[in-house]
1. So is Gly57 in contact with a Ser or Thr (Cβ under 6 Å, 6 or more places away or on another chain), small (Gly, Ala, Ser), more than 25 Å from Pro299 (Cβ to Cβ) and away from the ligand (no atom under 14 Å from the Cβ) or not?
2. Taking the residues in the range 276-290 that are aliphatic (A, V, I, L, M) and under 28 Å from Thr17 (Cα atoms) as candidates, determine which candidate is most open to solvent (accessible area, probe 1.4 Å).
3. Filter the range 228-253 down to residues that are open to solvent by less than 60 Å² (accessible area, probe 1.4 Å) and of a type outside the set (A, V, I, L, M), then give me how many there are.
4. Taking the conditions exactly as written (out of contact with any Cys (no Cβ under 8 Å at 6 or more places or on another chain), more than 16 Å from the ligand (Cβ to nearest atom), open to solvent by 50 Å² or more (accessible area, probe 1.4 Å) and among the charged types (D, E, K, R)), does Glu308 satisfy them or not?
5. Across the range 1-54, which residue is farthest from Leu148 (Cα to Cα) among those that are among the polar types (S, T, N, Q) and within 16 Å of the ligand (Cβ to nearest atom)?
6. Could you list all residues from the range 1-40 that are assigned to a helix (DSSP H, G or I), charged (D, E, K, R) and open to solvent by 10 Å² or more (accessible area, probe 1.4 Å)?
7. Looking for whichever is surrounded by fewer than 19 Cβ atoms within 10 Å (Cβ to Cβ) and assigned to a helix (DSSP H, G or I) here; the options are Leu63, Leu43, Leu97, Leu81. Which one fits?
Amino acid sequence: MLDVVSLGEMMVMLVATEAGPLRSIETFRKHVAGSEANVAIGLARLGHRPGWISRLGDDEFGLYVRNFLRGEGVDVARVTLDPLHPTGIAFKERRELGARRVIYYRRGSAASFLSPADLDPGYFEGVRYFHTSGINPALSSTAHETVLAAIDLAHRAGALVTFDPNVRLRLWDADTCRQVLRGVIARCDVVLPGADEAELLTGESDPLRAAEAIRALGPGLVVVKLGAEGSLAAAEGQIVRAPALRLDRIVDPVGAGDGFAAGFLSGQLRGWSLAESLRLGNLVGASAMSVSGDVEGLPTWTEVQELESTRDVAR
Ligand code: KDG
């Protein structure tokens, strides 16, 4: 029996082994990348039972991604290998100056052909959380419809729906993104934006006001990730803040939001308070930033406990 189901695209991510523009790079290291699957991996490492719904190409990279997830303990029974469309690919460029760039080769990928027919209502039975993100509606209209249908199925099964806006302006323009994501958010229970995403969605630059504006759309709980300022949760009659963990060095910030979501959800699954769940989210998010891949830094439950004994974190 699964306790969390997530839905989204996972790609192969080829990370440049040296710094510089991709045109001058000769070697890449193979990783996996995909926000909602990253969250599933994080939850499995923390001792939960996640499943992941998606489509991958019936190709070498699709088999690699599926086998990787299976090896991490994520259920892949609802992953379809598509013989007609390929697994998406992303490249990560490393620059000594400026931000790291992620370059996608994912248009027409198998996941962009996700459709409501990929959903099995029985897969949501007994599940406590369904997690998805704003990347899917940007991939295609059928992927958007799949998200909406999955939210309905999750609610019918009694699960809460958590949603990370994951604004990716390389996939669509800001106005369309805002309009579509506000429509999806209205159907969700818990929304986990970064501060900049909360501002894009609401026009409010103050994170607390932005959180309240998102709550006004429907969700009962909004959790805003504030980077070096930690995180805050706004629920009915409650505002809770948790400080960030101090990191000596950030190796790669990509994937921190997914780590945060896994840690926060793990706290909620354990019945912890909002404050404790935020602190675990901050810890797992910080761990994700300590390595170059998205998922390699996600800690196991044993590693969380070791970190807790050396740092002032929840429990
Ligand atoms: O959340 C980290 C993601 O940005 C990365 O894994 C790739 O899902 C991804 C995307 O679509 O950008």
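The values are calculated or read from the model by the stated rules, or taken from the named source; none is laboratory data. Computed from a prediction, not measured in an experiment: that's the story for all the values here. Neighbour counts are summed over all protein chains in view; Cβ atoms, including those assigned to glycine, are modelled from backbone coordinates with ideal geometry. Accessible surface is based on the protein model in full, side chains and every heavy atom, while ligands, DNA and RNA are left aside. Shrake-Rupley method; radii C 1.70, N 1.55, O 1.52, S 1.80 Å.
1. yes
2. Checking each candidate, the answer is Met289.
3. So the answer is 3.
4. no
5. Among those that are among the polar types (S, T, N, Q) and within 16 Å of the ligand (Cβ to nearest atom), it is Asn38.
6. Selection gives Arg23 alone.
7. Result of the check over Leu63, Leu43, Leu97, Leu81: Leu63.
So that you can scan it fast, the table gives a plain yes or no per residue for (1) open to solvent by 30 Å² or more (accessible area, probe 1.4 Å); (2) in contact with a Leu (Cβ under 9 Å, 6 or more places away or on another chain); (3) within 16 Å of the ligand (Cβ to nearest atom); (4) at pLDDT 95 or above:
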position: Arg128; (1), (2), (3), (4): yes, yes, no, yes
position: Asn136; (1), (2), (3), (4): no, yes, yes, yes
position: Val147; (1), (2), (3), (4): no, yes, yes, yes
position: Ala154; (1), (2), (3), (4): no, yes, no, yes
position: Phe163; (1), (2), (3), (4): no, yes, yes, yes
position: Asp175; (1), (2), (3), (4): yes, no, no, yes
position: Cys188; (1), (2), (3), (4): no, yes, no, yes
position: Gly194; (1), (2), (3), (4): no, yes, yes, yes
